[in-house]
Amino acid sequence: MPAMDLETTARCLAELGNVARLRIFSLLVRAGDDGLNVGEVRRALQMPASTLAFHLRGLVDSGLVAQQRQGREVRCRPDFGRLNAAFAFFRDECCQGVSVPEPRRRRAAAGTAPVASAAAGSRGRC
């Protein structure tokens, strides 16, 4: 899966920026591709059903968690491709350099010289 755009990446990371949702997602990641049903998630995290439903909705809406009905149960699975795409946004941008516009020059005070800016685009390690 290719890297995401900025808005989609922000949405995914915002969902993971909540402690309850991060706990849910972390549990599902540990469960792997098989995932867990909603009842198992609730019992493992000792979370009220309504709270779990609220937080799962955000994870599902962002695409980080997929849900599938299996009879009377709903199985939740992490979308590893979506997670990797969110991190690929940063990996693909890593150490590409930055172009920062020069500040508008003010009239220099009498007897002072303008200060030179630092060079942009230096590369670090990724």
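The values are calculated or read from the model by the stated rules, or taken from the named source; none is laboratory data. Fair warning: this is a prediction, and the values are worked out from it, not measured in the lab. As a convention, Cβ positions derive from the backbone with ideal geometry for all residues, glycine included, and neighbour counts pool all protein chains shown.
For beta carbons closer than 7 Å, sequence separation of 6+ or different chains, a first residue in segment 88-100 that is farther than 15 Å from Thr9 by Cα and in contact (Cβ under 8 Å) with a residue 40 or more places away in the chain and a second that is part of a loop (DSSP other than H, G, I, E, B) and not charged (D, E, K, R), there are no qualifying pairs.
When the residues of segment 33-44 are filtered to those that are in a helix (DSSP H, G or I) and touching a residue at least 24 places away in the same chain (Cβ under 8 Å), which remaining residue is surrounded by the most Cβ atoms within 10 Å (Cβ to Cβ)? It comes out as Val41. Any residue that is without any contact (Cβ under 8 Å) to a residue 60 or more places away in the chain and over 12 Å from the mean Cα position of the chain (by Cα) - is there at least one of those in segment 5-19? Yes, there is a match, as at least one residue in segment 5-19 is without any contact (Cβ under 8 Å) to a residue 60 or more places away in the chain and over 12 Å from the mean Cα position of the chain (by Cα).
Residues being of a type in the set (Lys, Arg) and closer than 24 Å to Arg91 by Cβ: count how many of those fall in segment 4-56. Give the derivation first.
Just the residues of segment 4-56 that are of a type in the set (Lys, Arg), to begin with: 11, 21, 23, 30, 42-43.
Now restrict to residues that are closer than 24 Å to Arg91 by Cβ: 11, 21, 30.
Residues in segment 4-56 being of a type in the set (Lys, Arg) and closer than 24 Å to Arg91 by Cβ: 3 in total.
Checking each residue of segment 78-91 against the condition of being charged (D, E, K, R), surrounded by fewer than 17 Cβ atoms within 10 Å (Cβ to Cβ), at pLDDT below 95 and within 16 Å of the chain's Cα centre (by Cα) gives at least one match.
For segment 45-62, the set of residues classified as assigned to a helix (DSSP H, G or I) and either in contact with a Gly (Cβ under 9 Å, 6 or more places away or on another chain) or buried (at least 18 other Cβ atoms within 10 Å of the Cβ) (or both) consists of Ala49, Leu52, His55, Leu56, Gly58, Leu59, listed by residue number. Listed residues Val65, Val100, Val74, Val115; which is modelled with pLDDT of 90 or more and loosely packed, with under 11 Cβ neighbours inside 10 Å? None of the other options fit; the residue is Val100.
Contact map, segment 64-81: first residue closer than 16 Å to Arg21 by Cα and β-branched (Val, Ile, Thr), second residue assigned to a loop (DSSP other than H, G, I, E, B) and at pLDDT 95 or above, Cβ cut-off under 9 Å, separation 6 or more or different chains; pairs are Val65/Gly35; Val65/Asp79.
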